[in-house]
Amino acid sequence: MKFKITEQTDSRLDHFLVASTELNRSQITTLIKDGLVMVNGLTTKAGYKLKNSDEITLNLEAKEETNPLKPKNIDLNIVYEDDDIMVINKPKGLVVHPSETFSETTLVSGLLHHTDTLSTHNDDPLRPGILHRIDKDTSGLILVAKTNEAHKILAQDLKSHDIKREYIALVEGVLDHNKGVIDAPIARHPKIRTKMSVVATGKPAITHFEVMRTFRDHTLLHCKLETGRTHQIRVHLAYIKHPVTGDPLYGTKAKILKDGQLLHAFRLEFVHPITKKVMMLEAPLPPEFESYLVTLG
């Protein structure tokens, strides 16, 4: 895996890699210590300050091969489960599913340990049961399909925006309006391939927001997704100059938190694919989010 720095930055090597890959801080630190991360062809320290034109290489092939779909007993917070679906409250720091570049413990590992029944309707065999995902350092609710019939129906509901996903976000600064709609298309960043950005030629993206509470230098927002683009809420809030607090990719570098952004998927509302019952499920803010709010007064 290779990266090239295309703009001036004062980001540390380890911080950049945590934000740019699906590896956590511990894994990145180990790779650097083992000499499997090189900058301009040389090994260096985790705290190295990156400069424009630096080339970073991760030698992930040197890692011991593991089965990305190996079941693992992790403490799943199951909010709801029946024969057709599950809803999981995912903690921060847990990647939803494995990929070609990430084969460590994921939510899928825990799901495979918990049940022998997960949908295989996905085109990607590394994503059994997964209908949608949230970022590694975003906490909250994820809807999982246990059967192909349920998966097919719910995937169509997602496509037609019939599944309502709501988030709580703490953002930098105080907003001028109590509510609003961000309607701005999103696509891959033209220069930084690990980021998304608002681009005129991007896919339509709409986020509704409403102020829940105002602090001296922060605002607590209730956000509703009308569309589901990659990093949508994070990109949109950064676009209006109120990035999510602690966001390592779109936020203020000086305010990066060790546990990532304060963004929580707290509510899911959908029609059960088989029973047709209207489901509305919620998950409280995680303790670290609540604790940070307490520090704001």
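Which residues, taken from the range 196-222, are under 30 Å from S53 (Cα atoms) and out of contact with any strand residue (DSSP E or B) (no Cβ under 8 Å at 6 or more places or on another chain)?
The one that is under 30 Å from S53 (Cα atoms) and out of contact with any strand residue (DSSP E or B) (no Cβ under 8 Å at 6 or more places or on another chain): A200.
Could you please let me know if L296 is touching a strand residue (DSSP E or B) at 6+ places or on another chain (Cβ under 7 Å), over 17 Å from G93 (Cα atoms), at pLDDT 95 or above and surrounded by fewer than 19 Cβ atoms within 10 Å (Cβ to Cβ)?
The answer is no for L296.
Go through the residues of the range 124-139 one by one and say whether even a single one is at positive phi and touching a residue at least 24 places away in the same chain (Cβ under 8 Å).
Taking the range 124-139 first, the residues at positive phi are 129.
Still in the running and touching a residue at least 24 places away in the same chain (Cβ under 8 Å): 129.
Within the range 124-139, one or more residues are at positive phi and touching a residue at least 24 places away in the same chain (Cβ under 8 Å).
If I filter the range 105-118 for residues that are out of contact with any His (no Cβ under 9 Å at 6 or more places or on another chain), under 20 Å from G228 (Cβ atoms), part of a loop (DSSP other than H, G, I, E, B) and among the charged types (D, E, K, R), do I get at least one hit?
no
Could you grab me the full set of residues in the range 227-262 that are in a helix (DSSP H, G or I) and β-branched (V, I, T)?
Filtering the range 227-262 for residues in a helix (DSSP H, G or I) gives 232-239, 253-255.
Within the range 227-262, I233, V235 meet the criteria.
Name the single residue that is surrounded by the most Cβ atoms within 10 Å (Cβ to Cβ) among those in the range 194-239 being closer than 30 Å to K2 by Cα and in contact (Cβ under 8 Å) with a residue 60 or more places away in the chain.
Going through the qualifying residues, I end up with I233.
Filter the range 133-148 down to the residues that are in a loop (DSSP other than H, G, I, E, B) and farther than 13 Å from G260 by Cβ, then identify the one that is most open to solvent (accessible area, probe 1.4 Å).
Start the filter on the range 133-148 by keeping residues that are in a loop (DSSP other than H, G, I, E, B), which leaves 133-138, 146-147.
In the following step, the residues that additionally are farther than 13 Å from G260 by Cβ were identified as 133, 146-147.
Numbers: R133: 114, K146: 20, T147: 36 Å².
Once the filter is applied, the top-ranked residue is R133.
Does A46 satisfy the criteria of being more than 28 Å from E290 (Cβ to Cβ), small (G, A, S) and either modelled with pLDDT of 90 or more or buried (at least 16 other Cβ atoms within 10 Å of the Cβ) (or both)?
For A46, the condition - more than 28 Å from E290 (Cβ to Cβ), small (G, A, S) and either modelled with pLDDT of 90 or more or buried (at least 16 other Cβ atoms within 10 Å of the Cβ) (or both) - is met.
From the set of residues in the range 55-80 that are open to solvent by 30 Å² or more (accessible area, probe 1.4 Å) and not in a loop (DSSP other than H, G, I, E, B), which is modelled with the lowest pLDDT?
A62
Among the residues of the range 124-141, which ones are of a type in the set (A, V, I, L, M) and more than 20 Å from L23 (Cα to Cα)?
The answer is L131, L141.
I'm trying to understand the selection: among the residues of the range 5-51, which are under 24 Å from the mean Cα position of the chain (by Cα) and without any contact (Cβ under 8 Å) to a residue 12 or more places away in the chain?
If the condition is that a residue be under 24 Å from the mean Cα position of the chain (by Cα) and without any contact (Cβ under 8 Å) to a residue 12 or more places away in the chain, then S26, T30 are the ones that fit.
Going through the range 188-226 one residue at a time, which ones are under 18 Å from the mean Cα position of the chain (by Cα) and outside any strand (DSSP E or B)?
H189, I192, R193, T194, K195, A205, E226 - these are the residues of the range 188-226 that are under 18 Å from the mean Cα position of the chain (by Cα) and outside any strand (DSSP E or B).
Residue under question is L263, and the condition is that it be aliphatic (A, V, I, L, M) and open to solvent by less than 40 Å² (accessible area, probe 1.4 Å); does it hold?
So L263 fits the description; yes.
Which ones in the range 81-122 are open to solvent by 50 Å² or more (accessible area, probe 1.4 Å) and over 21 Å from the mean Cα position of the chain (by Cα)?
Those that are open to solvent by 50 Å² or more (accessible area, probe 1.4 Å) and over 21 Å from the mean Cα position of the chain (by Cα): E81, D83, H113, H114, D116, T117, T120, H121.
Tell me, please, whether a residue that is within 15 Å of the chain's Cα centre (by Cα) and closer than 15 Å to E172 by Cα can be found in the range 263-284.
Yes - at least one qualifying residue is present in the range 263-284.
The values are calculated or read from the model by the stated rules, or taken from the named source; none is laboratory data. What you see is a predicted model; the values in this text were computed from it and never measured. Please note: Cβ atoms are built from the backbone with ideal geometry, for glycine as well, and neighbour counts cover all protein chains shown. With ligands, DNA and RNA removed, areas are computed over all heavy atoms of the protein, side chains included. Shrake-Rupley method; radii C 1.70, N 1.55, O 1.52, S 1.80 Å.
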